[in-house]
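Here is the structure we will look at, set down as structure tokens.
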Amino acid sequence: MVESLESLIKIVSDEIYRNWNPTAPNRACPWCGQCCSGLCEREVARIMESGASRVTALAPDDSLKAVASIIDHTLLKPNASYSEVEKACGEARRFSFASVCIHPTFVRRAAELLRGSEVRVCTVVGFPLGATLPEVKAFEAEACIVNGAHEIDMVINLSALKSKDFSLVDQDIRLVISTAHSRSAICKVIIETAYLTDDEKIAACSLAKAAKADFVKTSTGFGPGGATVRDVALMRSIVGKEIGVKAAGGVRSWDEMQELLSAGASRIGTSASVKILHEFRSPDITNDDERPGNDYY
């Protein structure tokens, strides 16, 4: 198993380094700077290349929802209160975010608050260190799904990866993914890029792709760094169009979100979700009643 995994990683690494140019200029902004919502030729091509089977033309009034639909509205601070979770769920419902991402202890309450909406409940497993046993992560994932979670963001075993124990990393990822998929939930694999070399990022993404992850994700937001354009571009080049790339950690503005989408991200995780939507709608907005509080970003 170890030899085959190492061979896979070597093959992928060689291919990536032959084709990936980290100094190349970024592709055009996915929204073309005009809130075109997927209508321009380049953006439609990018969406289809990422695996979409259908592209819908949106009216201008719907462009805000188009942006919100690729954001995981996140509340993962350790001292989050029940009232803050309720506020986050209310915001997620109001703006139609892709999901609300909260700690496992809040999953049941979030599922109740979001019942009847299209907003999905996302939670984290093995978070934020990734150092728990694979069986514990799988149990945690199943319990969360039973309580109402639709999406699982799991942290890989970073120590095993850095020690080149690829068999353990593979087992760790596969157990959680198989548990999630058996209950019709999706699984995002957090590789915590700020701790990794490029070779380790390639290994982590290759293992996640081989295990049929739905997404690879850059960061927990608790490490020494968050999502970068360079890391997102590298991750997209590794996983191709087959699975998603979630950029998370330190994404606090509409400009940053555009850069990450242009680099290849297909989902954004951020606690500054409402702020970003306000910037998207009107950078000069000054109505304090419409501005979010500082609780989430």
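Quick note: the coordinates plus some simple rules give every number you see, no bench work behind them. Here the structure is a predicted model, which is why all the values come from computation and not from measurement. In this analysis, Cβ positions are derived from the backbone assuming ideal geometry, glycine residues included, and neighbour counts consider all displayed protein chains.
Look at where the Cα atoms of region 126-176 and of region 177-254 average out, and the two centres are 13 Å apart.
Taking the Cα centre of region 68-107 as origin, work out the dipole magnitude from +1 charges on Lys and Arg Cβ and -1 charges on Asp and Glu Cβ, in debye rounded to 20. So the magnitude is around 40 debye. Phi-derived couplings, Karplus 6.51 cos²θ - 1.76 cosθ + 1.60 at θ = phi - 60°, listed residue by residue for region 128-139: x, 8, x, 8, 7, 5, x, 5, 5, 4, 5, 5 Hz, with x used for Gly and Pro.
Peptides 131-138, 88-95 ranked from most to least packed by the mean count of surrounding Cβ atoms within 10 Å: 88-95, 131-138. Here the 3J(HN,Hα) profile of region 172-177, calculated from phi with Karplus coefficients 6.51, -1.76 and 1.60 at θ = phi - 60°, is 4, 5, 5, 4, 6, 4 Hz, Gly and Pro shown as x. Were the residues from D165 through A131 laid out at 0.36 nm apart, the gain over their Cα-Cα distance would be 10.9 nm. Taking the Cβ of D72 as the center, what net charge do the other residues with Cβ under 11 Å away carry, scoring Lys and Arg +1 and Asp and Glu -1? Around D72, the charge tally is +3.
Residue order for H73, H150, fewest other beta carbons within 10 angstrom first, comes to H150, H73. With a/c under 1.5 counting as rounded, go ahead and sort region 62-183 into rounded, prolate or oblate using the C-alpha gyration tensor (a ≥ b ≥ c being the square roots of the eigenvalues; past the cut-off, prolate if a/b is larger than b/c, else oblate). Verdict is prolate for region 62-183.
Which net charge results when you count Lys and Arg as +1 and Asp and Glu as -1 among the other residues whose beta-carbon is under 13 Å from that of V146? Charge balance in the 13 Å sphere: 0.
Please enumerate, by chain and number, the lysines with C-alpha under 21 Å from the C-alpha of K275, excluding those fewer than 8 residues away in the same chain. Hits, sequence-local ones excluded: K65, K77, K87, K246. Assuming charge only on the beta carbon of Lys and Arg (+1) and of Asp and Glu (-1), the dipole of region 89-148 about its Cα centre is about 240 debye to the nearest 20.
Between amide H atoms placed 1.01 Å from N, distances below 5 Å from I190 occur with M154, V155, I156, K217, all of them 5 or more places distant or on a separate chain.
In order along region 264-274, the phi-based Karplus estimate (6.51 cos²θ - 1.76 cosθ + 1.60, θ = phi - 60°) of 3J(HN,Hα) comes to x, 5, 10, 9, 10, x, 7, 8, 9, 4, 5 Hz; Gly and Pro are listed as x.
With 5 Å bins beginning at zero, the pair-distance distribution over Cα atoms of region 200-265 amounts to 3, 20, 30, 25, 15, 5, 1 %.
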